[in-house]
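Take a look at the structure set out below.
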Amino acid sequence: MKKFPELRKYTNPVWVRLVILCQKKLKVCFIMFIVMSISTSAEIYYEEAEEFLSKGDLVQACEKYYKAAEEAIKLLVIENNLKEIINEAEEHGWDSKTLNDAVTELSYKLGDNIIDMWASAVTLFTARKFMDKDLIENYKKDIKTLIEEAKQRFSIKVLK
């Protein structure tokens, strides 16, 4: 089995990993089938944060967890077609005001728990130099839940 390296375009919320199985006996590579595994940029950032955390680089881990949450929020905005937020992002970029506006709008559709999850991400980012591993472990649970929410809603749209 040959695996091609994935392209990591963090500005694009979704990319595809392709796995191609080759028939070696025939000395020719035939594509037998392609397996598509859809990963969001939020998941990739989360995985990177986990690596930093395991290596003891707590500041970098906090920054990656925050970025993972940010990407999940962006994906939820797109999935929920929040046109005002999308226009704001196109005009001003994804600054903190736009992200906070997005979380507020998403809370009307998805519930107030999204505010708590975003607050955990903001806490990780703003207090990253003062966090110990136990605190990070606690806050990262909300980030994981946020990513799973975004992934689940995206998966439902892909299947339709």
What residues qualify as long-range amide H neighbours of Ser39, i.e. H under 5 Å apart, gap of 5 or more or another chain, H built at 1.01 Å from N?
Trp15, Arg17
Tell me, Leu110, Leu53, Leu76 in order of fewest to most beta-carbon neighbours within 10 Å?
Leu110, Leu53, Leu76
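Over the stretch 62-160, consider all pairs of different Cα atoms and compute the Kirkwood hydrodynamic radius from their mean reciprocal separation; express it in Å, one decimal.
On the way: mean 1/r = 0.0729 Å⁻¹.
By the Kirkwood definition, the hydrodynamic radius is 13.7 Å.
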Whole angstrom only: what separates the Cα centroid of the stretch 82-115 from the Cα centroid of the stretch 42-80?
18 Å
Which aspartates and glutamates have a Cα less than 18 Å from the Cα of Lys55, not counting those fewer than 8 places away in the same chain?
Glu47, Glu63, Asp132, Asp134, Glu137
Glu50 paired with Ser107, simple spin-label distance in nm, labels 7 Å along Cα-to-beta-carbon:
2.9 nm
So how do Val59, Val77, Val103 line up by other beta-carbon neighbours within 10 Å, fewest first?
Val59, Val103, Val77
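Could you work out how much longer the chain between Asn138 and Gln60 gets when fully extended? Use 0.36 nm per residue separation minus the Cα distance between them, nm to one decimal.
On the way: separation 78, 0.36 × 78 = 28.08 nm, distance 1.64 nm.
26.4 nm is the gain from fully extending Asn138 to Gln60.
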Compute the distance in nm between two label points, each set 7 Å from the Cα along the Cα-to-Cβ direction, one at Lys129 and one at Thr145.
3.0 nm
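Counting only other residues whose beta carbon sits under 11 Å from that of Asn113, what net charge do I get with K and R as +1, D and E as -1?
Working: positive: none; negative: Asp112, Asp116, Asp142, Glu149.
The answer is -4.
List the pairs from Lys83/Lys109; Lys74/Lys140; Lys129/Lys151 whose alpha-carbon separation is above 25 Å, in the order I gave them.
Where the Cα-Cα span goes over 25 Å, the pairs concerned are Lys129/Lys151.
So for Trp118, Trp94, fewest C-beta neighbours within 10 Å to most, what's the order? Before the final figure, lay out the partial values.
Details: Trp118 25, Trp94 18.
Listed from fewest to most nearby Cβ atoms, that is Trp94, Trp118.
Read-outs throughout are calculated quantities, based only on the coordinates presented, and are distinct from any laboratory measurement. Because the structure is a prediction, the values reported are computed rather than measured. Heads up, the Cβs are rebuilt from the backbone with ideal geometry, glycines too, and the neighbour counts pull from every protein chain shown.
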